[in-house]
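In what follows, a single structure is set out as structure tokens and then discussed.
The values are calculated or read from the model by the stated rules, or taken from the named source; none is laboratory data. Computed from a predicted structure; not experimentally measured. Here the Cβ is made from the backbone with ideal geometry for all residues, glycine too, and neighbour counts use every protein chain on show.
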């Protein structure tokens, strides 16, 4: 799963024909939902985005270019604005979300002396997303074991810390605890300040499994310098374990497992895996101490 918004570096994931088809869909839904453009449309590697006005309120039109992005919209609808951005309309590849003009940024907080506060906010959002719902969970959710399938071959190919990540992931996946619907990519830039509504999540994956997985993403973010700073991971493990009501040792295991998976994705895409590999090494050392 690539972690880049650079279209040119992921041409194997998307071709120009798909972008053209998505742009046609974008124009179609502007008319269908009577949306007023409120800024230029732009594209990421996986979707078209268009700021709009819908029924006198700011919104964001999203046209998914791949199945995973589309299924993420189903999950947003399931959460119904509780811990996540509100879904205003949904139809096939098209998703209309409330547009959040966030004055505060968890990324900026973490980079400017408020790392602990940012981590606690992410934990609060995770708690809302993980809470039981009265409506049944979407049928399209993937078990974590499926999400982790690329780790084993990467461990065999590259060895080192990825072997440890694979062994720990196998144990965690075999004996899950507190299974719930997961966001799957819960980090600093996927949690926005919605003002009076508090902080809300965007851009989920479609996963179900041990809730500990969602907290591990904090430790490969917000950037290399911060994530791998001496003492940072250990300090944030204490913060997150307390805020999430988790055993620190189990949280460390999830960090090793997820960081190994993230590194496997990056290595398979010939991308820099330094943050993920570094986080896995640090977490494994703490786990072994």
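Taking each residue of the range 190-215 that is outside the structural domain of residue 147 (by TED's automatic domain parsing) and looking for partners that are surrounded by 21 or more Cβ atoms within 10 Å (Cβ to Cβ) and at pLDDT 95 or above with beta-carbon atoms closer than 9 Å, six or more apart or interchain, yields nothing. Of the residues making up the range 198-209, those that are crowded, with 19+ Cβ neighbours inside 10 Å and either more than 15 Å from the chain's Cα centre (by Cα) or over 19 Å from residue 140 (Cβ atoms) (or both) number 2.
When you go through 89, 70, 124 one by one, which is the residue that is in contact with a strand residue (DSSP E or B) (Cβ under 8 Å, 6 or more places away or on another chain) and in a strand (DSSP E or B)?
Values: 70 fails: in a strand (DSSP E or B); 124 fails: in a strand (DSSP E or B).
The unique qualifying residue is 89.
Would you confirm, using the coordinates I've provided, whether residue 81 is under 29 Å from residue 125 (Cβ atoms), touching a residue at least 40 places away in the same chain (Cβ under 8 Å), in contact with a strand residue (DSSP E or B) (Cβ under 9 Å, 6 or more places away or on another chain) and assigned to a loop (DSSP other than H, G, I, E, B)? Against the criterion (under 29 Å from residue 125 (Cβ atoms), touching a residue at least 40 places away in the same chain (Cβ under 8 Å), in contact with a strand residue (DSSP E or B) (Cβ under 9 Å, 6 or more places away or on another chain) and assigned to a loop (DSSP other than H, G, I, E, B)), residue 81 qualifies. Scanning the range 147-197 for residues that are part of a helix (DSSP H, G or I), loosely packed, with under 13 Cβ neighbours inside 10 Å and at pLDDT 95 or above returns 156, 157, 171, 174.
As for the range 98-109, it holds at least one residue that is closer than 15 Å to residue 185 by Cα and either touching a helix residue (DSSP H, G or I) at 6+ places or on another chain (Cβ under 8 Å) or crowded, with 17+ Cβ neighbours inside 10 Å (or both). Given the criteria modelled with pLDDT under 95 and either within 26 Å of the chain's Cα centre (by Cα) or in a loop (DSSP other than H, G, I, E, B) (or both), does residue 25 qualify? Considered against the rule, which asks whether it is modelled with pLDDT under 95 and either within 26 Å of the chain's Cα centre (by Cα) or in a loop (DSSP other than H, G, I, E, B) (or both), residue 25 comes out as no. Name every residue in the range 68-97 that is surrounded by fewer than 19 Cβ atoms within 10 Å (Cβ to Cβ), at positive phi and modelled with pLDDT of 95 or more, in order of residue number. Across the range 68-97, the qualifying residues are 80, 81.
Candidates in the range 39-54 are the residues that are part of a loop (DSSP other than H, G, I, E, B) and without any contact (Cβ under 8 Å) to a residue 24 or more places away in the chain; of these, the one that is surrounded by the fewest Cβ atoms within 10 Å (Cβ to Cβ) is 40.
Let's see how each residue does on (1) within 20 Å of residue 145 (Cβ to Cβ); (2) free of Cβ contacts under 8 Å to residues at least 12 places away in the same chain; (3) touching a helix residue (DSSP H, G or I) at 6+ places or on another chain (Cβ under 8 Å); (4) crowded, with 24+ Cβ neighbours inside 10 Å:
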residue	(1), (2), (3), (4)
232	no, no, yes, no
235	no, no, yes, no
260	yes, no, yes, yes
263	yes, no, yes, yes
272	no, yes, yes, no
278	no, no, yes, no
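Given the structure, is residue 65 surrounded by 20 or more Cβ atoms within 10 Å (Cβ to Cβ), within 28 Å of residue 19 (Cβ to Cβ) and modelled with pLDDT under 95? Answer is yes for this residue. Of everything in the range 210-233, what is over 17 Å from residue 107 (Cβ atoms) and either at pLDDT below 95 or under 13 Å from the mean Cα position of the chain (by Cα) (or both)? Give them in sequence order. Residues satisfying the conditions are 213, 214, 215, 216. Residues that are without any contact (Cβ under 8 Å) to a residue 40 or more places away in the chain and farther than 20 Å from residue 186 by Cβ within the range 55-75 comprise 55, 56, 61, 67, listed in sequence order.
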